[in-house]
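Below is one structure, written out as structure tokens, with a few remarks after it.
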Amino acid sequence: MSSNLLQIGVLASGSGSNLQAIIDSCDSGVLRGKARVCVVLSNRRDAFALERARKHSIDAIYIDTASCCCDKLMLSELQKRNTGLVCLAGYMQKISPVIVAAFPERIINIHPALLPLFGGKGMYGHHVHEAVLSANEKESGATVHFVDDEYDHGSIILQRRVPVLAGDTCKTLAARVLEVEHRLYPEAIAAIIGGLK
Ligand code: GRF
């Protein structure tokens, strides 16, 4: 295993389809020969993301974020694998300032809307798409951004638009955005590796 590969630590709480897109991209897409996923951490013991990681022989670790030493544990799991980039992929918990400080400009997140619109506290999952539909937006999309101490706030790395179609439901819009996310996240990581920052 080449040490030239960027070691990516992924934090995920749910299905992990974006994790899968990153893994696949490291195997045979834009991240091939550039990066590998070294560990997947989850605050949910039953997250399907952990199962996806294990299927690919990637270390998959549940971290009880209610425990007092969870920051220390998370940090240690990331640092002992020389993690160079932390990717939040459906991680449903605010990331600790301790972790943010330990990885300056090295933590990124994907959000299912065109930030700065439809972001912030409470704007996750179906809430985002419901808000987009209620506002009668003509388009939505996905955003990859750096993570700082505020929800959905750090500078934007890449964004891609999708149309909102007549008759869209939360489900149909979410599916259209998710499809774009799966291409956008690996591309954003490749852009970072390419020296964007
Ligand atoms: C995605 O829509 C992502 O934008 C958001 O959470 C969802 C995670 O989906 N942050 P998955 O677990 O990657 O399938």
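Between E179 and L133, the contour length at 0.36 nm per residue exceeds the Cα-Cα span by 14.7 nm.
Three principal axis extents describe the C-alpha atoms of the chain; from largest down they are 49, 38, 31 Å.
Can you compute the FRET efficiency between R32 and R160 using 1/(1 + (r/R0)^6), with r the Cβ-Cβ distance and R0 = 30 Å? Round to the nearest 0.05.
Computed FRET efficiency for R32 and R160 comes out at 0.90.
Using a probe of 1.4 angstrom and keeping all protein chains present, the accessible surface of the range 58-114 works out to 45 square angstrom per residue.
Around the Cα centre of the range 6-196, unit charges on the Cβ atoms of Lys, Arg, Asp and Glu (plus for the first two, minus for the last two) sum to a dipole of about 460 debye.
Calculated [222 nm] ellipticity per residue, helices only, for the chain: -10500 deg cm²/dmol; basis is -39500 (n - 2.57) per DSSP H run with n ≥ 4, divided by all residues, nearest 500. For the range 1-100, the share of accessible area belonging to carbon and sulfur comes to 49 percent (1.4 Å probe, ligands and nucleic acids excluded). A straight chain from K94 to A66 at 0.36 nm per residue would run longer than the Cα-Cα distance by 8.8 nm.
Put simply, the amide H of L88, placed in the peptide plane, has neighbours under 5 Å in L11, I108, N109, I110, leaving out anything fewer than 5 places away on its chain. Each DSSP beta bridge with both residues in the range 6-196 is either parallel or antiparallel, and the antiparallel ones are about 40%. Lysine pair count for the range 6-196 with Cα-Cα distance under 23 Å and sequence separation of 8 or more or different chains is 9. Please compute the contact order of the range 6-196 in relative form: average sequence separation of alpha-carbon pairs under 8 Å and at least six residues apart, divided by the residue count, as a percent. So the answer I get is 21 percent.
The values are calculated or read from the model by the stated rules, or taken from the named source; none is laboratory data. This one's a predicted model, so the numbers in the text were calculated from it and none came from an experiment. Don't worry about glycine lacking a Cβ; one is built from the backbone with ideal geometry, like all the others, and counts go over all protein chains shown. Please note that ligands, DNA and RNA were not included when accessible areas were found on the heavy atoms of the full protein model with its side chains. Shrake-Rupley method; radii C 1.70, N 1.55, O 1.52, S 1.80 Å.
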